[in-house]
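The values are calculated or read from the model by the stated rules, or taken from the named source; none is laboratory data. Only a predicted model underlies this, so the values are computations on that prediction, with no experimental measurement involved. Note that each Cβ is placed from the backbone with ideal geometry, even for glycine, and that neighbours are counted across all protein chains shown.
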Amino acid sequence: MSLYNIEVKKMNGESIKLSEYNNKVFLIVNTASKCGFTKQFEGLESLYKKYKNEGFEILGFPCNQFLRQDPGSNREILEFCTLNYGVSFEMFSKIFVKGTKISPLYDYLVKNNPTKPNKKIKWNFEKFLISRDGTIIRRYQSSVKPEFIDNDIKKLLEKGVTP
């Protein structure tokens with residue numbers, strides 16, 4: 001199974017395959033609106049604006065599994081992100097990132113990442129950097145601010161090399 005075969009739902013309910021992001025560098029993040037790390041939306045948006053014209057995408061997946069820090073509907077979450085942080089990158093429908101109801105996407109990410117294979121998601125705002133060919137390059141803990149990922153993204157975009 002490839003990352004590109006996985007189907008996800010946009011906020012509007014439309015299903016897409018991650019193959020839409022083929023040949024792009026992208027960052028997958030589990031988000032929450034009422035978390036101590038919520039301010040990372042600012043840094044994520046800054047990265048997105050900086051690199052979007054070079055083939056970079058951010059895919060945000062709200063999750064309510066950690067102290068119920070994203071209890072709103074998809075519409076409420078999107079409105080919050082847009083109004084408070086100017087989020088313009090793609091936000092997807094709320095999902096499960098751990099446990100028996102884990103989404104196929106996060107099941108794949110957890111099992112196949114090179115830096116922490118099979119380690120479950122511990123909190124909101126864990127990040128996975130994906131190369132243009134769909135390879136998981138690195139997993140970043142929640143405490144890693146988006147600006148600290150900038151150089152890794154830049155290397156992947158410029159040379160296609162693993163940071």
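For the stretch 7-34, a residue qualifies if it is surrounded by fewer than 20 Cβ atoms within 10 Å (Cβ to Cβ) and over 14 Å from Ser93 (Cα atoms), and the qualifying residues are Ser19, Glu20, Asn22, Asn23, Lys24, Lys34. In the stretch 47-78, the qualifying residues are those that are in contact with a helix residue (DSSP H, G or I) (Cβ under 7 Å, 6 or more places away or on another chain) and under 19 Å from Lys154 (Cβ atoms), and the one that is surrounded by the most Cβ atoms within 10 Å (Cβ to Cβ) is Ile58.
Just the residues that are basic (Lys, Arg) and outside any loop (DSSP other than H, G, I, E, B), please, taken from the stretch 39-54. It would help to see each step written out before you state the result.
First, pick out the residues of the stretch 39-54 that are basic (Lys, Arg): 39, 49-50, 52.
Those that are basic (Lys, Arg) and outside any loop (DSSP other than H, G, I, E, B): Lys49, Lys50, Lys52.
When the stretch 79-129 is limited to residues that are assigned to a loop (DSSP other than H, G, I, E, B) and basic (Lys, Arg), the one that is surrounded by the most Cβ atoms within 10 Å (Cβ to Cβ) turns out to be Lys94.
Taking the options Arg132, Arg138, Arg68, name whichever one is in contact with a strand residue (DSSP E or B) (Cβ under 7 Å, 6 or more places away or on another chain), among the basic types (Lys, Arg) and in a loop (DSSP other than H, G, I, E, B).
Numbers: Arg138 fails: in a loop (DSSP other than H, G, I, E, B); Arg68 fails: in contact with a strand residue (DSSP E or B) (Cβ under 7 Å, 6 or more places away or on another chain).
Just a single option satisfies the conditions, and that option is Arg132.
Scanning for something of a type in the set (Phe, Trp, Tyr), modelled with pLDDT of 95 or more and on the phi < 0 side of the Ramachandran plot, does the stretch 113-127 turn up at least one residue? Looking for residues that are of a type in the set (Phe, Trp, Tyr), modelled with pLDDT of 95 or more and on the phi < 0 side of the Ramachandran plot, one finds none in the stretch 113-127, hence no.
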